[in-house]
Structures are given as structure tokens and as C-alpha cells.
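Note sheet for the following structure.
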Amino acid sequence: MPLAIQQIISNTVAVMTTVQDRRAEWREKIAKALQDARQRGADWQIVVDFFSTVLAILDGQALDLPADHPYAEAVTAIQAGIAAGGPQIVEVSEEVVQAIKDFVNAESWETKRQVVEAQQSLLFRSEVEAIFGENIEQAKGAGEEQAVNILELHLAILRNCKTGGIADTFEQLAAAQQADLPFDADLVPRSITAILGGAQEKMAHVQYLTTLAARTTDEELKALINTIQLALFGGDLAQLGQDLNGVYRQAWEAIVAGVEKGGGTLC
């Protein structure tokens, strides 16, 4: 997936309000993304629906997705942003900013855990996710891939802490680090967070998985990635992953267990 959900929301709102001279350029990118999604087959139909709706909005049509559609809230966010007259600035206190810095810059998982436990009243605020989202998009725009990965991982950890508990989340991370895995240790917790999350989390994870798949020649890892993508698109967890083996099967079973427990213990 070439475009992240938050980028789509913010850019679409911007070109429909404050930077209308960029609308044609952005429309072309959405049209290309739609074409790409259509070529990926029936599993990508919900993504096709989303890009088609965004394209219609860019053409001045007032369209919605069904309320139960995975990307309905993203479309609602776009329409709300347009109605508000443009992107809204997130205002945060210095305390919140410092808590985020302490969390991201902590040198060990144990220290990060201590920061979250001590500062959860600040780090669990809704505006923190917005701050992470803004910084991730800025890093993407600057081509700072390492920064994007670091920020996305920390955002996934915070979301997992909120849904599954701080202790369980960091135990998952510790267990993943100790294992000799042929893929990033954070793939499992990030996937759980995305499957349990909303449209924004799912679209962002699709982008992450697409990048991961493009970089590997490991066919078994590609099969695991495809299984996770099917799960993001509403596939039956009980029926997926039957063709996986070894550590890849274990990773998938850990994802399923985490989802069934609402983000709880993985292993």
C-alpha cells in the first residue's frame, strides 16, 4: 500500500480546503493507488471501496461508505475535516510532549516500561496518538525510514498497552526478542494491534507489510504476511494460516491468541 491512512485523510482535507491548488496532483496519486488496489484482486475490495470514495470526494461528490465498512471512519474524518475548513492543530501540554520523548528515547525495554507505568495518565491520552501520527507523516515526507519505523513501533506498543495491559505487552516484547526469529520481533505485536484497531491502524499496517514483503525473498515470510493481510481484511482467523509451518506458524498462532485475548499475552 503506497499511502498511509492518516496521510490520505490529512492530504485530502488540505487539498479540499487550504491548498486547493494541489488538488489535481493529489487526485492523480489517489487514482494511481486505486488502480494498484484493483490489480491486487478480490481481497483488496474494501481498499478499492475506500480509494473510490476518496476520489469521489475530490471530485466534489458527497459519498459515504456503509457504517460497518472498515474505512468508514476514515471517510467520516475526511468529511469532518473539510467541514471544519482544514486540518486542525493538535494542542498539547509540555508534560505530554516530555512523556513522549522519555518513552521514545528510553534505552531499554525495561526503562520504556517504567516510563509507561509512571506516565500512563499522559501517554494514554487521545492526543498522543495524533502527535505520533503527525510525526510519522513528517518523517515519511522527509524520507526518514528509520524514524518512521521507530515511531510506528512505539505507537503500536502504546496501543497494545492500552488494550492488553502494560505488563503483558512488555512480556510479549521480551519473549519476541529472546526468540531467534527470521523477521522483525515487533511483527507480532504490531499485527495484533492492527487487527484489533480501526481503519487507520489497518491501513498503516498494510503499508508496513507491503514494504516488508518487497524486501524479503523468504517465501514463508511472504506467506505469513499474506495471512496477516487477509486477517486485516476480515478473514476468518480460525481458517487462516493452515499452510504456515515452523516459526511462521508459531508467529501466526501468537497473533491469533493475542487478538482473541484482546491484545493480551502472545506466547
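Where a number appears in this text, it was derived from the coordinates with a stated rule and is not lab data. Everything numeric in this text was worked out from a predicted model, so none of it was measured. Here the Cβ positions follow ideal geometry from the backbone for every residue, glycine too, while neighbour counts run over all protein chains shown.
On a 20 Å Cα-Cα criterion, which of the cross-link pairs K162/K261; K162/K222; K101/K261; K140/K222; K101/K202; K222/K261 come out too long?
In this structure, K162/K222; K101/K261; K140/K222; K101/K202; K222/K261 exceed 20 Å between Cα atoms.
Debye calculation, C-alpha points only, no solvent: report log10 I(q)/I(0) for the stretch 1-158 at q = 0.11, 0.17, 0.19 Å⁻¹, in the same order as the q values.
-0.53, -1.06, -1.20
At a 10 angstrom cut-off on C-beta neighbours, averaged per residue, how do the peptides 12-21, 221-230 rank from highest to lowest?
Values: 12-21: 16.5, 221-230: 20.7.
Final packing ranking: 221-230, 12-21.
Note down the magnitude of the dipole of the chain about its Cα centre, charges +1 on Lys and Arg C-beta and -1 on Asp and Glu C-beta and zero elsewhere, to the nearest 20 debye.
460
How far apart, in nm, are two points set 7 Å out from the Cα along the Cα-to-Cβ line at E110 and at Q98?
Modelled inter-label distance: 2.5 nm.
Tabulate in residue order the Karplus-calculated ³J(HN,Hα) for the stretch 57-66, using 6.51 cos²θ - 1.76 cosθ + 1.60 with θ = phi - 60°, rounded to whole Hz; enter x for Gly and Pro.
Couplings: 4, 5, 8, x, 9, 8, 10, 10, 9, x Hz.
Once the piece of chain linking Q146 and E219 is laid out straight, how much longer is it, given 0.36 nm per residue of separation minus the C-alpha distance between them?
Answer, rounded to one decimal: 23.8 nm.
Stick to the Cα atoms of the chain, pair each with every other, and give me the Kirkwood hydrodynamic radius in Å at one decimal.
Across the chain, the inverse of the average 1/r is 19.4 Å.
Calculate the FRET efficiency for Q35 and H69 from the Cβ-Cβ distance with a Förster distance of 22 Å, rounded to the nearest 0.05.
0.60
Work out, step by step, the length gained on full extension between N135 and T18: first 0.36 nm times the residue separation, then minus their alpha carbon distance; give nm to one decimal.
Difference between extended and current length: 40.1 nm.
If you bin the C-alpha pair distances of the stretch 117-254 every 10 Å from 0, what whole percents do you get?
Going out from 0 Å in 10 Å bins, the stretch 117-254 shows 11, 41, 37, 11, 0 percent.
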